[in-house]
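Q: What follows is a structure written as structure tokens; I'll ask about it next.
The values are calculated or read from the model by the stated rules, or taken from the named source; none is laboratory data. Computed from a predicted model, the values in this text were never measured in an experiment. Reconstructed Cβ throughout: ideal geometry from the backbone, glycine too, with neighbour counts over all protein chains shown. Each accessible area value is taken on the protein alone, full model and side chains, heavy atoms only, with ligands, DNA and RNA left out. Shrake-Rupley method; radii C 1.70, N 1.55, O 1.52, S 1.80 Å.
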Amino acid sequence: MLVKPRWPWVLTPFNARFLGGFYTAEMVVMAALLFWNRWSPGRLVLVMALIFTVIVSVASFINLGYFNFARKAPWLWFLVYLASVVVSALFLWRARDRPSAKGVTLNPVWRGYMAVESAILGLYGAGLLLFPLTFSSIWPWPVDAFHAQVYSAIFLAGAGGIYLVWRSAPREELLVLGLAQFLVGLLAILGLAITDAAVHRIDWGAAGTLCWLALFGWIGISGVFKLYAAFRYFSPQSAS
């Protein structure tokens, strides 16, 4: 009720709750960056933020018809996102020669899994961006092309973050990535359930809904396993 009238475009209840869940997860990730305040997990957060803001900015420019520029909100939207693109890119460019934080080499099973995970999320994100109506057809509620393209940024940013950790896995980055994935999966499903409890529009037995639940359930569970790996690989026993 507080956010919808102030949002840059018209939101349906399901889209509003889904975006709210994602931005809550993003807020927790940024809080982790403020807590550590180091290159690790800074590079992970900055890379994921750059991918996300670039994709959302591109989707917004492609779909300018959704914005009423007689209001302040659309101008603030573009200002915030374009500024975020510039700031993230600038910090990454300035740190381009800095080596990544020292991490562990994950075992072959973990590395193989994360390579597949990154590829799946990246391909699905690219599908949402390039063929939005086709790839969003499994979503439990109607998603138009604009929202599908905005949501593609979540999957593409996740794929980029997983690729970074696949190459080198500092503990802080495993923790932040795992926490982000856990919250995205949990809050997406929780938001769907809470919203549908009020409007009763979701067919919970539909094949598309089950696929969507499986997708976000997998993302959340994968985050839990990354949190487990962060504690397992960096436990006092493993360091001795």
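Q: Name every residue in region 225-240 that is under 16 Å from Glu173 (Cβ atoms) and either modelled with pLDDT of 90 or more or in a helix (DSSP H, G or I) (or both), in order of residue number.
A: Phe225, Lys226, Leu227, Tyr228, Ala229, Ala230, Phe231, Arg232, Tyr233
Q: Another question about this same structure. Out of the residues in region 5-25 that are open to solvent by 20 Å² or more (accessible area, probe 1.4 Å) and more than 14 Å from Gly191 (Cβ to Cβ), which is modelled with the lowest pLDDT?
A: Restricting to residues being open to solvent by 20 Å² or more (accessible area, probe 1.4 Å) and more than 14 Å from Gly191 (Cβ to Cβ), the top hit is Pro5.
Q: Might you let me know whether region 117-126 holds any residue that is open to solvent by 50 Å² or more (accessible area, probe 1.4 Å) and assigned to a loop (DSSP other than H, G, I, E, B)?
A: no
Q: I would also like to ask the following. Could you grab me the full set of residues in region 27-55 that are open to solvent by 60 Å² or more (accessible area, probe 1.4 Å), free of Cβ contacts under 8 Å to residues at least 12 places away in the same chain and within 16 Å of the chain's Cα centre (by Cα)?
A: Scanning region 27-55 gives a single hit, Met27.
Q: Another one. For region 188-204, enumerate the residues that are of a type in the set (A, V, I, L, M) and outside any helix (DSSP H, G or I).
A: Answer for region 188-204, where residues must be of a type in the set (A, V, I, L, M) and outside any helix (DSSP H, G or I): just Ile202.
Q: Further question: Cβ-Cβ under 6 Å, sequence separation 6+ or interchain: first residue in region 205-231 and without any contact (Cβ under 8 Å) to a residue 40 or more places away in the chain and closer than 16 Å to Ile154 by Cβ, partner surrounded by 14 or more Cβ atoms within 10 Å (Cβ to Cβ) and of a type outside the set (Val, Ile, Thr). Which pairs?
A: Going by the 6 Å Cβ cut-off, the qualifying pairs are Phe216/Gly185; Phe216/Ala188; Gly220/Phe182; Gly220/Gly185; Gly220/Leu186.
Q: If you don't mind, another one. Give just the number: which of (1) without any contact (Cβ under 8 Å) to a residue 40 or more places away in the chain; (2) assigned to a helix (DSSP H, G or I) does Leu175 not satisfy?
A: (1) is the only condition that Leu175 fails.
Q: Could you check how many residues of region 1-52 are in contact with a His (Cβ under 8 Å, 6 or more places away or on another chain) and assigned to a loop (DSSP other than H, G, I, E, B)?
A: 0
Q: Next question, about the same structure. With respect to Arg96, is the statement that it is open to solvent by 60 Å² or more (accessible area, probe 1.4 Å) and free of Cβ contacts under 8 Å to residues at least 60 places away in the same chain true?
A: Here the answer is yes, as Arg96 does meet what is asked.
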